[in-house]
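Asker: Structure in structure tokens, see below.
Only the coordinates and a few stated rules stand behind these numbers; no lab work does. Everything quoted here is computed from the prediction, not taken from an experiment. Don't worry about glycine lacking a Cβ; one is built from the backbone with ideal geometry, like all the others, and counts go over all protein chains shown.
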Amino acid sequence: MAMAESSLSDPITPICSICIANYNGLEIIADCIESVLAQDCGFPIEIIVHDDASTDGSAELIRHRFPQIQLIESKTNVGFCISNNRMAAIASGTYLLLLNNDATLMPGALATLLQHAAAIGGPAILTLPQYNAQTGALIDAGCFLDPFLNPVPNLDLKQKDVGMVIGACLWIPKTLWDRIDGFPEWFGSIAEDLYLCCVARLWGYRVVALADSGYLHAIGYSFGGGKADKKQLTLSKKRRRLSERNKNIAMLLCYPVAMLALLLPLHSLLLVVEGLIFSLAKGRKDIFTDIYWNSLKSLWLDKSRISDKRQEVQRGRVASLRTFMSVHTCYPQKLRLLFEYGLPR
């Protein structure tokens with residue numbers, strides 16, 4: 001029996017708490033959990049699943065098939081941020097591993113993460129190489145960031161320091177999670193991993209992508225969109241709206257005033273132009289109003305909350321601007337995607 005599985009019932013403090021946010025994952029959640037139980041990691045773990053008011057019988061499956069794990073059943077759908085914050089609040093592990101329900105760990109994943117976490121010698125956010133669950137192709141080993149905080153996949157397994165890691169498989173010491181105070185619950189979903197990594201780097205902590213082991217990810221299953229299908233990028237309006245809003249908020253929280261004075265007006269203008277072009281090309285006014293105008297308007301509506309959070313984030317700054325921007329690229333990622341895939345569907 002794998003150490004990971006046998007350790008679930010041990011009355012000792014786990015080294016790692018694996019936190020799986022689940023919503024309507026009936027077809028995939030068992031594979032995700034089984035991939036954790038199959039880990040021969042040699043140290044005790046615990047598995048916590050937050051079921052976000054699923055309507056497909058996910059909670060019943062988890063409760064009956066995996067009685068040894070901790071299951072939180074939410075009565076209402078609260079989103080990815082609150083789901084993970086709730087799991088982290090009851091987690092007793094030294095480390096947290098946030099894992100999507102549409103992700104499965106490859107052999108040696110947990111052992112690799114702990115080994116490198118110990119070797120780094122201080123708190124750091126880690127991830128494993130991400131592979132496409134359908135094709136097996138490498139998706140990224142963490143991401144760089146363009147000036148507007150769009151993720152740029154890192155495909156160089158020798159490159160360790162990155163701008164962010166995807167929340168589908170994110171390893172973080174519990175102490176660092178608590179210091180950052182987890183995910184901002186008002187983000188809802190999308191770009192919360194970007195925020196967490198940007199704040200960590202701003203406060204002097206490393207964000208590292210490992211080259212060993214990895215995880216398989218069925219991208220877009222748990223939230224819809226966000227993947228290339230037949231050489232066209234598929235998106236959902238909700239995903240795009242939250243992405244644009246939350247990336248702007250992350251800029252407002254983390255960028256220095258001088259950069260904001262230049263980049264925020266430019267980014268806002270580019271979003272308006274992008275939204276108008278996209279709406280005209282698709283013949284749909286709702287694309288502009290529901291995605292672009294809505295995301296920009298929310299910045300004004302949330303200005304007090306954003307201002308308060310910015311003061312909190314900036315008080316912890318220790319990284320120089322040069323260090324913070326060392327994992328950023330100059331070329332806008334959206335242009336690359338436009339040239340490669342054309343207008344999204």
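Asker: For the chain, with a Gaussian network of springs between Cα atoms less than 10 Å apart, report the residue from ARG201, ARG63, ARG245 with the top mean-square fluctuation.
Answerer: Among ARG201, ARG63, ARG245, the largest mean-square fluctuation in the Gaussian network model of the chain belongs to ARG63.
Asker: Hey, what D do you get for the stretch 94-172 in µm²/s if you plug the Kirkwood alpha-carbon radius into Stokes-Einstein at 37 °C and 0.692 mPa s?
Answerer: The calculation lands on 247 µm²/s.
Asker: Run the reach check for LYS282 against aspartates and glutamates, Cα to Cα strictly under 17 Å, same-chain hits fewer than 8 apart removed. What comes back?
Answerer: The qualifying aspartates and glutamates are GLU274, ASP290.
Asker: Quick one: helix 237-254 against the long Cα principal axis of the chain, what's the angle to the nearest 10°, folded into 0 to 90?
Answerer: Between helix and principal axis, roughly 90 degrees.
Asker: Which semi-axis lengths, in whole Å and largest first, follow from the square roots of five times the eigenvalues of the Cα gyration tensor of the stretch 227-341?
Answerer: Equivalent ellipsoid of the stretch 227-341: 28, 18, 12 Å, largest first.
Asker: Which entries of LYS160/LYS297; LYS303/LYS334; LYS238/LYS303; LYS158/LYS297; LYS158/LYS309; LYS158/LYS303 show an alpha-carbon separation above 30 angstrom in the structure shown?
Answerer: LYS160/LYS297; LYS158/LYS297; LYS158/LYS309; LYS158/LYS303
Asker: Only four residue types carry charge here, +1 at the Cβ of Lys and Arg and -1 at the Cβ of Asp and Glu. Report the dipole size of the chain about the Cα centre in Debye, rounded to the nearest 20.
Answerer: Dipole magnitude for the chain comes out near 1520 debye.
Asker: With everything on Cα atoms, drop me the angle between helix 192-202 and the longest principal axis of the chain, reported from 0 to 90° to the nearest 10.
Answerer: Once rounded, the angle reads 90 degrees.
Asker: What are the radius of gyration and Dmax of the chain, computed over its Cα atoms and given in Å?
Answerer: 19.6, 61
Asker: Okay, next question. Among rounded, prolate and oblate, which fits the stretch 83-223 when a ≥ b ≥ c are the square roots of the eigenvalues of its C-alpha gyration tensor, a/c under 1.5 means rounded, and a/b larger than b/c means prolate?
Answerer: In terms of gyration-tensor shape, rounded.
Asker: Once the piece of chain linking LYS237 and SER304 is laid out straight, how much longer is it, given 0.36 nm per residue of separation minus the C-alpha distance between them?
Answerer: That works out to 21.5 nm of additional length.
Asker: Now for a different question. Which of MET106, MET259, MET251 moves most in a GNM of the chain, Cα contacts under 10 Å?
Answerer: Among MET106, MET259, MET251, the largest mean-square fluctuation in the Gaussian network model of the chain belongs to MET259.
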